[in-house]
Amino acid sequence: MAELHRFFVPADSMNGDVVVIAGEPVHHLRTVLRLGPGTEVLLLDGQGGCCRARLDTVGREQAQATVTARWTVAEHPCPLRLLQALPKGDKFDLVLQKGTELGITIFQPVLSGRSLLRQETGRSTRWQRIVREAARQSRRPRLPALEPVRSLPEALSLVDEPLRLVLWEESARPLLEVLPPQAPAGVALLVGPEGGFAASEVATVRAGDFLPVHLGPRILRTETAGLAVAAVLQFLYGDWRQAPHHDHIRPVAATP
């Protein structure tokens, strides 16, 4: 059976037996995919809730679908908060896209002394759209959290993960040396901007109980470094050893 097309919809819209689909998802299913009444789709609330549904009507502004099965998918990545100092241009778009695919749990964009933040209308909306599309494409049942842009001290004050790492090329400790044998309850990873952190910023980070680590002899770009560590953590502690989800084979009998 072919894979069902997947769409993220607001969680409260999935409470009843009939789901109203509006906004970007209805544009995608109507204009891009050209799906019509009778087509079965997979609806996700971004929190692990899944509905198999049959399209009843497809209009210009909204579509309606009847739920035929309902279930919840648990996600088991290594909980990772990525504190990413904002890089130049649109490089953070790449971090969001690939980081979502790799299972990053929380994205925290950070303004450091060497970050450049362009005044851009609709930036937050675009970032959210990138995250949703990456989660849809990678068959991820939960959407990662995307926090507002914060200063470095403010972002550090919100960290509650027990294992806290900062990538710093001047560190004498390799990443592997500080990773515990058992999966930590959560990891916070801080990645600096192009040019790295200023000395005063490094002192602030260390005061927040972050361990400076390096990634070997090569210097990775800021948009690459966090993704590399995310892949390592997924391999060691995350869900890379689990079988892929096959959501389309859920039986209709799953409806309560």
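Structure notes:
Yes or no, residue by residue, for (1) assigned to a strand (DSSP E or B); (2) touching a helix residue (DSSP H, G or I) at 6+ places or on another chain (Cβ under 6 Å); (3) open to solvent by less than 30 Å² (accessible area, probe 1.4 Å); (4) among the acidic types (D, E):
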| position | (1), (2), (3), (4) |
| --- | --- |
| Q84 | yes, yes, yes, no |
| L96 | no, yes, yes, no |
| T100 | no, yes, yes, no |
| R126 | no, no, no, no |
| A135 | no, yes, yes, no |
| R139 | no, no, no, no |
| R164 | yes, no, no, no |
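- Residues of segment 30-77 classified as open to solvent by less than 20 Å² (accessible area, probe 1.4 Å), touching an Asp or Glu at 6+ places or on another chain (Cβ under 8 Å) and closer than 25 Å to Y237 by Cβ, total: 3
- For segment 212-233, residues that are surrounded by fewer than 19 Cβ atoms within 10 Å (Cβ to Cβ) and under 17 Å from the mean Cα position of the chain (by Cα) total 4.
- Filter pass, Q182 being polar (S, T, N, Q), over 18 Å from F92 (Cα atoms) and open to solvent by less than 20 Å² (accessible area, probe 1.4 Å): no
- Considering only residues in segment 209-248 that are acidic (D, E) and not in a helix (DSSP H, G or I), the one that is nearest to P144 (Cα to Cα) turns out to be D239.
- Selection status of F197, open to solvent by less than 20 Å² (accessible area, probe 1.4 Å) and either among the aromatic types (F, W, Y) or at positive phi (or both): no
- For P109: the one exception among (1) open to solvent by less than 20 Å² (accessible area, probe 1.4 Å); (2) closer than 22 Å to H5 by Cβ: (2)
- Test: A198 is over 26 Å from Q97 (Cβ atoms), in contact with a Gly (Cβ under 6 Å, 6 or more places away or on another chain) and touching a residue at least 12 places away in the same chain (Cβ under 8 Å): yes
- In the set R60, R6, only one residue is more than 28 Å from A228 (Cα to Cα) and charged (D, E, K, R); that residue is R60.
- In segment 1-29, residue most open to solvent (accessible area, probe 1.4 Å) [restricted to those that are in a loop (DSSP other than H, G, I, E, B) and within 20 Å of A74 (Cα to Cα)]: N15
The values are calculated or read from the model by the stated rules, or taken from the named source; none is laboratory data. All values derive from a computational prediction rather than experimental measurement. Neighbour counts run over all protein chains shown; Cβ positions are idealised from the backbone, glycine included. These area figures cover heavy atoms from the full protein model, side chains too; ligands, DNA and RNA do not enter into them. Shrake-Rupley method; radii C 1.70, N 1.55, O 1.52, S 1.80 Å.
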